[in-house]
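Asks: Dumping the structure here so I can ask a few things about it.
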Amino acid sequence: MKKWFYPKLAWTGIRKNKKLYTPYILTCVGMVMMFYILSFLSASEILKSIAGGETMQSILGLGSGVIGVFSLIFLFYTNSFLIRRRKKEFGLYNILGMGKWNLARVLLWESLAIAAIALSAGLIAGIVLSKFAELGMVNILQGSVTFSMTIPPEAILQTLVLFAVIFVLILLNTLRQIHLANPIGLLRSENTGDKPPKANWLLALAGAVILGLAYYVAVSIEDPVSALIWFFAAVIMVIVATYLLFIAGSVAVCRILQRKKKYYYKTNHFVSVSSMVYRMKRNGAGLASICILCTMVLVMASATVCLYVGTEDSLRARYPRNISLDTRVSDPALLDSEKIIAVRSLSAKTASANGQEPTNILDYRVAGFPGYVQDGRIETNDSILNSFQLFAYSQVWQIFIVPLDDYNRLMGQNETLAPGEALLFTTKMEKYTKDTIAIGDQAPFKVKKIVSDFSDNGANAMQLIPSMYLFVPNFTETVSSLIETNDQEGNLTDLHWYYGFDLSCSDETQIRIQKQLEQALDQLSLSTEDTIFATQCEGVAQARSRTYSLYGGLFFLGILLGIVFIFAAVLIMYYKQISEGYEDQFRFEIMQKVGMTKKEIRKSINSQILTVFFLPLLTAGIHLVFAFPLIHKLLALFSLTNIKLLILVTVICYLIFALFYVLVYRITSRAYYSIVSGAKEEAV
Amino acid sequence: MRILEVNGLKKVYTTRFGGNKVEALRHVSFSVEEGEYVAIMGESGSGKTTLLNILAALDKPTGGTVLLDGKDLSKIKESGLAAFRRDHLGFVFQDFNLLDTFSLEDNIYLPLVLAGKPFAEMKQRLAPIAEQLGISDILRKYPYEVSGGQKQRTAVARALVTNPRLILADEPTGALDSKATDELLQLFSEINRVGQTLLMVTHSVKAASHAGRVLFIKDGEVFHQLYRGNSTNEELYQKISDTLTMLATGGDKR
């Protein structure tokens, strides 16, 4: 009997506080499950064997680290709610003659019980779901499916060790709190008188101003590179502003409402507004954190989903054709030599040897170099380029000079240019606004027209900086003089012949053709002692699995972390509301005695919980709307410019998020109401 | 005119486990006339609080009727009860039951706001009451900033502001020191003098000695009652003490 006294006491303690412990235990189970699945996937042999699987596994390994750290913080946080609620009980035990050592034993048994439930249930759920997760990953990687079931012991061990450590830390923290408190303090810890919060107008105003600035920055930025630089500044501003507005702004708004006597002294507003002041004072920081968490989850989820869904787009931007041959030459004359004809026919021959025909041929000459564009002049000087300032980044361009003939042929146009005139095309949403443009010290070209499209060559997709294409009538002349001037300062100009074609066959055949072509080109050895004719062969097929594993890994992780963070956010809300329910109990009791109907109480509760719950979601939505232009520009850096897709994905993410949110809101408001009204019935 | 009429009131509680029955009120009958000041006395567990809860329509009796202004409380629908309470009854509690999120002023306004009265009228009603109770200067303060006596006076103001037919006070002096107790009892006598009907539940002899009539409850029944007649507070105090002694030392009916 005596032997089982402490375990029994512990178990009763958990059972009697079901409303508090159930979500906590569920959280523990969920975290164990998530962590196990991630460590399972990063150890899975099946994944490792698939092409690109290892990239994915290293991303997932990173993710399991994030989940581990997050579990620690999050479980600590939720546990602190539990302890605060139970301090009174512990105080009573203490007064009844249980020493702190006895209390510690009860707590030890409680922790053991919770850890046992969480670990066993979490691992079982994890093992069951891990196979599904694996199948999902294999599907993302487009590998072949196997149905064998494995349980890697190292993943189990990792999970057990991590969570054992977390539970021990939580227990130690609880013991510390119990140890520091005296019995009377424990008994009273819940009812400490609250001063009415004062509105801090200065902070509220500062919050509004900073938020306005951040929004302005987000909306007004036009090019991706500045977006990248300003993104973090804007994020920090938004975070600061959100905290200020939730903490000081909300109280200020309530105070303004209270001053409007006609508004305030109405049945619907009276109780709600006055309680909201206190609620926001206590929860302002928490709600702001939740709001920021929500925004981050949404941004992360929509960006990763977008990247994954848009993988083909990105691939096409990086590899404009199934197979591309990029030939670097040392002399403009080589661009019209017979070597080029030889490569062309070699390509056709290799393709037809495999029963294929090159289609959709991309064939043009280009001279490329980085340039610093200022006052209608492209500075090609190496030293200027190396000493430019960070904020002048938007003035650095990748310059491509292309013959007008090639432009006309590729785009099916019929443009004509007089000498000294040029057509211009820019990428990555950057604009060039001057009428003339000069290359180095040459006579300036007159920009006859800004054209709206040109075939990409993959270089643009690889670089952060935007590209500027100049289509000139006398290519050889322009380029020769450029190479001459550059030679004195170290040659930055590369002459290229770009040749690409599509194939209508499977990835395997494409890879085979690419390999054969590479070998054949090696044998041709077109470079000589003093001239360079170096051809590089690239195929999209080879890159596809690599890209999918990278984007797919990010996608998977984005979704998984998104789920975990949403879970965390709403659970924190749940606990906040529940613990406030206990505090509000006696208030609603009084109101009922004074003549408030149950219906009015329910209405007031609903409006308060609704505000507390949906304020962060709504704010997150507004943040997201203003962040949208920034995200759009940043994704453009990943060659993803499909704005419709981005909007669609963002909206869907938001809706799913909101749905989940509403669900938890309903559960919470029901639990809250039962706490507020339930105790009253017992008291009578 | 009769304000309150209680006939054969009975309340039986069934404990949650086992089904043991506890009879809190066996057979309680009494009535209160308009303008009266009645104190109900009894020891802990004698059924005082149960009685008050039933009178306040916060609890339902097992048997018997309560007529307030000739209206049977059990006939009022659940949805109308809160409004009825608000319009006809005022409450003063032992632990004040002020809301700490409201200033004293807003606490007093609460029943009026719930009744949907316009702000101008609320203000008009509060001014004379606050003056009478001596809390005009502290209306802007919050409950945690003022003394127990001031809190209780605020609670009285909240009870008075709706012009209720009957004020129910549950151990109103229970949490007050002797000075604040004297002040509050003085106040009750004053508002009774201008015509307010009061029903107070207490086990303080001193509090009861201010009433016009004292009912004694024992074992769920009205056991005895004392009228003030022409006695002073001190004389009534003595009579109550004697009665209590008799009750305690075996004045058993049976």
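Asks: Give just the number: which of (1) at pLDDT 85 or above; (2) closer than 28 Å to A:P7 by Cα; (3) surrounded by 20 or more Cβ atoms within 10 Å (Cβ to Cβ) does A:A155 not satisfy?
Replies: Every listed condition holds for A:A155 apart from (2).
Asks: Which residue, of B:L126, B:L139, B:L133, is more than 21 Å from B:V194 (Cα to Cα) and in contact (Cβ under 8 Å) with a residue 24 or more places away in the chain?
Replies: Details: B:L126 fails: more than 21 Å from B:V194 (Cα to Cα); B:L133 fails: more than 21 Å from B:V194 (Cα to Cα).
From the options B:L126, B:L139, B:L133, the qualifying one is B:L139.
Asks: Looking only at the stretch A:574-584, decide whether some residue is part of a helix (DSSP H, G or I), free of Cβ contacts under 8 Å to residues at least 24 places away in the same chain and over 29 Å from the mean Cα position of the chain (by Cα). Give the steps one after another, and end with the answer.
Replies: In the first step, residues of the stretch A:574-584 are kept if they are part of a helix (DSSP H, G or I); the result is A:574-584.
Among the residues that remain, those that are also free of Cβ contacts under 8 Å to residues at least 24 places away in the same chain are: none.
There is no residue in the stretch A:574-584 that is part of a helix (DSSP H, G or I), free of Cβ contacts under 8 Å to residues at least 24 places away in the same chain and over 29 Å from the mean Cα position of the chain (by Cα).
Asks: Find the helices (runs of 4 or more DSSP H) located wholly in the stretch B:34-122 whose residues include 3 or more that are within 14 Å of chain A (Cβ to nearest Cβ) and of a type in the set (S, T, N, Q), and list them.
Replies: Working: elements: B:48-55, B:78-88, B:104-114.
So the answer is B:48-55.
Asks: Sticking with this one: Just name the residue that is modelled with the lowest pLDDT out of those in the stretch B:76-111 that are in contact with a Ser or Thr (Cβ under 7 Å, 6 or more places away or on another chain) and of a type in the set (S, T, N, Q).
Replies: Here the residue is B:S79.
Asks: Quick test of your reading of the structure: B:G174 fulfils all but one of (1) on the phi > 0 side of the Ramachandran plot; (2) among the small types (G, A, S); (3) away from chain A (no Cβ under 13 Å). Name the failing condition by number.
Replies: Tallying (1) on the phi > 0 side of the Ramachandran plot; (2) among the small types (G, A, S); (3) away from chain A (no Cβ under 13 Å), B:G174 fails exactly one: (1).
Asks: Okay, next question. I'm trying to understand the selection: among the residues of the stretch A:529-547, which are in a helix (DSSP H, G or I) and more than 11 Å from A:D507 (Cβ to Cβ)? Working first, answer last.
Replies: The initial filter retains those residues of the stretch A:529-547 that are in a helix (DSSP H, G or I), namely A:540-547.
Selection gives A:R546, A:T547.
Asks: Just wondering, is there one or more residues in the stretch A:403-414 that are outside any strand (DSSP E or B), at pLDDT 85 or above and among the acidic types (D, E)?
Replies: yes
Asks: Within the stretch A:503-548, count every residue that is under 30 Å from A:K48 (Cα atoms) and among the β-branched types (V, I, T). Working first, answer last.
Replies: Let us first name the residues in the stretch A:503-548 that are under 30 Å from A:K48 (Cα atoms), namely A:503-519, A:536-548.
If we keep only those that are among the β-branched types (V, I, T) as well, we get A:509, A:511, A:513, A:540, A:547.
Of the residues in that region, 5 qualify.
Asks: Right, A:A636: surrounded by 18 or more Cβ atoms within 10 Å (Cβ to Cβ), under 18 Å from the mean Cα position of the chain (by Cα), within 28 Å of A:C28 (Cβ to Cβ) and more than 14 Å from every other protein chain (Cβ to nearest Cβ) or not?
Replies: Numbers: surrounded by 18 or more Cβ atoms within 10 Å (Cβ to Cβ): yes; under 18 Å from the mean Cα position of the chain (by Cα): yes; within 28 Å of A:C28 (Cβ to Cβ): no; more than 14 Å from every other protein chain (Cβ to nearest Cβ): yes.
Against the criterion (surrounded by 18 or more Cβ atoms within 10 Å (Cβ to Cβ), under 18 Å from the mean Cα position of the chain (by Cα), within 28 Å of A:C28 (Cβ to Cβ) and more than 14 Å from every other protein chain (Cβ to nearest Cβ)), A:A636 does not qualify.
Asks: Taking the condition away from chain A (no Cβ under 14 Å), modelled with pLDDT of 90 or more and in a helix (DSSP H, G or I), does B:L185 pass?
Replies: Numbers: away from chain A (no Cβ under 14 Å): yes; modelled with pLDDT of 90 or more: yes; in a helix (DSSP H, G or I): yes.
Taking the combined requirement at face value, the residue satisfies it.
Asks: Among the numbered conditions (1) buried (at least 16 other Cβ atoms within 10 Å of the Cβ); (2) closer than 23 Å to A:I572 by Cα, tell me where A:F76 comes up short.
Replies: All conditions pass for A:F76, except number (1).
Asks: Can A:A301 be described as part of a helix (DSSP H, G or I), out of contact with any Ser or Thr (no Cβ under 7 Å at 6 or more places or on another chain) and not assigned by TED's automatic domain parsing to the domain that holds A:L646? Spell out how you get there, then give the answer.
Replies: On the way: part of a helix (DSSP H, G or I): yes; out of contact with any Ser or Thr (no Cβ under 7 Å at 6 or more places or on another chain): yes; not assigned by TED's automatic domain parsing to the domain that holds A:L646: no.
No: the conditions fail for A:A301.
Asks: For A:D522, state whether it is in the same structural domain as A:I361 (by TED's automatic domain parsing), surrounded by fewer than 22 Cβ atoms within 10 Å (Cβ to Cβ) and touching a residue at least 60 places away in the same chain (Cβ under 8 Å).
Replies: no
The values are calculated or read from the model by the stated rules, or taken from the named source; none is laboratory data. Fair warning: this is a prediction, and the values are worked out from it, not measured in the lab. Neighbour counts are summed over all protein chains in view; Cβ atoms, including those assigned to glycine, are modelled from backbone coordinates with ideal geometry.
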